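Just below is one structure, and these are the notes that go with it.
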Amino acid sequence: MKHMTRKATRHVNQNEGLIFEKSSAGKAAWKLPPLDVPEVDTAKLLGSAERKDLGNMPEVSEIEIIRHFTRLSTWNYAIDLGMYPLGSCTMKYNPRVNEVVSRFEGLANGHPYQPEKISQGALRILKTLSDCLVEITGMDAITLQPAAGAHGELTGLLIVRAYHQAKGNPRKKVLIPDSAHGTNPATAAMVGYSVENLKSNPKGMVDVAALAAQMDEDVAALMLTNPNTLGVFEQEIHKIAEIMHAKGGLLYMDGANMNALVGKVRPGDFGVDVMHLNLHKTFSTPHGGGGPGSGPVAVKQTLEPFLPKPVVITKPDGALAFEYNRPLSVGRVRAFYGNFGMFVRALAYILANGPDGLRQTTEDAVLNANYIRKGLEGIYDLPYSTPTMHEVVFSDKLQQKKGVKTGDIAKRLIDYGFHPYTVSFPLIVHGALMIEPTESESVEEMDLFIEAMKAIAREVEEDPQMVLDAPHSTRVSRLDETTAARKPILRWKPGN
Ligand SMILES: *Cc1c(COP(=O)(O)O)cnc(C)c1O
């Protein structure tokens, strides 16, 4: 094992991942005490649903099962172990206080069918979080229902469609820049729009002249990410909004990159009509296997009647209630009211930081991305020299000369104890390395990361094959990712 840092490994045998292989008949993690109540006739109780044996369940002792799962957890990577510079995903640290609050008994055990009278606390959380997000975005109203960013996009475009429909014509097209996240065109297509691609200019921004030429009265909306996936702020955003509005179109903002804006500028102030947020990115709720998502959609007043129902309202006596009588609503987009636990975490995060803390967070996120940019400029090719916001995109142009690509560099980074950055996205950069440190990282951790990236660049020069064979420190190395995705093996069978 060559050039490893920070990562403790342990010799592992091939079957250690399989608890089934450890099974031996009769072993159990615990034994129930003898029955001290009359025995129930389970056959009578359960009828044919009664299970006669445990099938192929593994039989293992308590220590075996504890070690199995503890060991598996160490084969994984987590934000709690180190930097997670996965660009576009904003893998920031989730402060423990959010978790503590979300586990409060009254919140964790609340039931969506609970009468409104005894749900006032939960309703107050929905209302307060909505108010905070409306304030942060500069919009007028919001729905918390969507369960993820892409789901927020879907909800947002359904609202766009309902709005145009109410004016007599749903229109046919949605414009999307070539730097967009793949979910944007997928969403527009799902809502029944045809997608028109907008070319970026050499600065990595929307080409305003091209937009003006493409915009017509068949265009329902422009879906724009700001800052875009190059980490570049669309400097002509006011102009862009004007061009859209002049022909009756709407400006949709993919707000997944709000980590660069919170507390500094508000999309509502620069002409955005409808946008989604990713609470599981910007507002510090766990993601990437750590929990469900949440993609609230905020709108301007004109779009408010179309929001999913129910919405939370304040009754004349001051009590909160769900309002279902919304004739223009696009309807429900999710069962009940959204992923409530995420709302609690996001609100805890917002209140713990306060306005100044949130602003500081944004400044630190941008500062950190620029620190990494400075640290690696010249070592890795920087295809766009436009100022960097919260993430920086390099390319593998220099390393390609030795036959090493962005994916290989990312694999080697694992040996240095870091999660890979985002590989080959955005698509407008050939061989992209997209790095987003977030505000969570200390200068010490970023220095380690920069050193690791520099060391890899040297290795590419001296021993490219070693980089092509990486990772060297993990249990498994290069996996057949295509077959794993297309033909996943989801069930253990003897002899697998
Ligand atoms: C993450 C992301 C999305 C999609 O969000 P999900 O919650 O993963 O569905 C959309 N657009 C951008 C720019 C993103 O970074």
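Taking a cut-off of 20 Å between Cα atoms, list the lysines near Lys31, but don't count ones fewer than 8 places away on the same chain.
By straight Cα distance, Lys31 reaches Lys22, Lys52.
How much of the DSSP beta bridge set in the chain is antiparallel, as a percent to the nearest 5?
Expressed as a percentage, antiparallel bridges in the chain total about 50.
Cut-off is 10 Å between beta-carbons; in what order do Val423, Val40, Val174 appear when sorted fewest neighbours first?
Val40, Val423, Val174
With θ set to phi - 60°, apply the Karplus curve 6.51 cos²θ - 1.76 cosθ + 1.60 along the range 234-251 and write out the HN-Hα couplings as whole Hz, x wherever there is a Gly or Pro.
Ordered by residue, 3J(HN,Hα) equals 6, 5, 9, 4, 4, 4, 4, 4, 4, 4, 5, 5, 4, 10, x, x, 10, 9 Hz.
Taking 0.36 nm per residue of separation and subtracting the Cα-Cα distance, what length does fully extending Arg478 through Trp75 add?
143.6 nm
Calculate the spin-label point distance for Lys397 paired with Asn56, positioning each point 7 Å from the Cα along the beta-carbon direction, and give it in nanometres.
Here the answer is 5.2 nm between the modelled labels.
Could you work out the relative contact order of the chain, using alpha carbon pairs under 8 angstrom and six or more residues apart, expressed as a whole percent?
About 19 percent, as a whole number.
Binning every alpha carbon pair distance of the chain at 20 Å from zero, what are the percents per bin?
So the P(r) values, bin by bin, are 20, 47, 28, 4, 0.
Counting DSSP beta bridges with both partners in the range 96-351, what percentage is antiparallel, nearest 5?
Rounded to the nearest five, the antiparallel share is 40 percent.
Could you list Glu234, Glu153 so that the one with the fewest beta carbons within 10 Å of its beta carbon is first and the one with the most is last?
Going from least to most buried by this count: Glu234, Glu153.
Give a residue-ordered list of calculated ³J(HN,Hα) values for the range 111-119 (Karplus: 6.51 cos²θ - 1.76 cosθ + 1.60, θ = phi - 60°; whole Hz; x for Gly, Pro).
10, x, 8, 4, x, 4, 4, 9, 10
For the range 212-301, what proportion of DSSP beta bridges, expressed in % and rounded to the nearest 5, is antiparallel?
Bridges in the range 212-301 are about 25 percent antiparallel.
Cut-off is 10 Å between beta-carbons; in what order do Tyr113, Tyr252 appear when sorted fewest neighbours first?
Lowest to highest Cβ neighbour count: Tyr113, Tyr252.
Put a dot 7 Å past each Cα toward the Cβ at Leu427 and Lys44; how far apart are the dots in nm?
Roughly 6.5 nm, to one decimal.
Relative contact order of the range 96-351: what whole-number percent is it, with Cα pairs under 8 angstrom and at least 6 residues apart?
28
About the Cα centre, and with charges only on the beta carbon of Lys, Arg (+1) and Asp, Glu (-1), how big is the dipole of the range 47-158? Nearest 20 debye, please.
Here the range 47-158 has a charge dipole of around 120 debye.
Checking the cross-link filter: which lysines have an alpha carbon closer than 29 Å to that of Lys411, excluding same-chain neighbours under 8 positions apart?
Result set, ordered by chain and number: Lys2, Lys7, Lys92, Lys281, Lys374, Lys397, Lys401, Lys402, Lys454, Lys487.
If the cut-off is a Cα-Cα distance under 26 Å, which lysines reach Lys167, setting aside same-chain residues fewer than 8 apart in sequence?
By straight Cα distance, Lys167 reaches Lys239, Lys247, Lys300, Lys309.
Round to a whole angstrom and tell me the spacing of the C-alpha centers of the range 267-298 and the range 399-426.
If you average the Cα positions of each part, the centres end up 28 Å apart.
A short reminder: the numbers here are calculations on the coordinates, not readings from a lab. Just so it is clear, the model here is predicted, and its values are computed rather than measured. Heads up, the Cβs are rebuilt from the backbone with ideal geometry, glycines too, and the neighbour counts pull from every protein chain shown.
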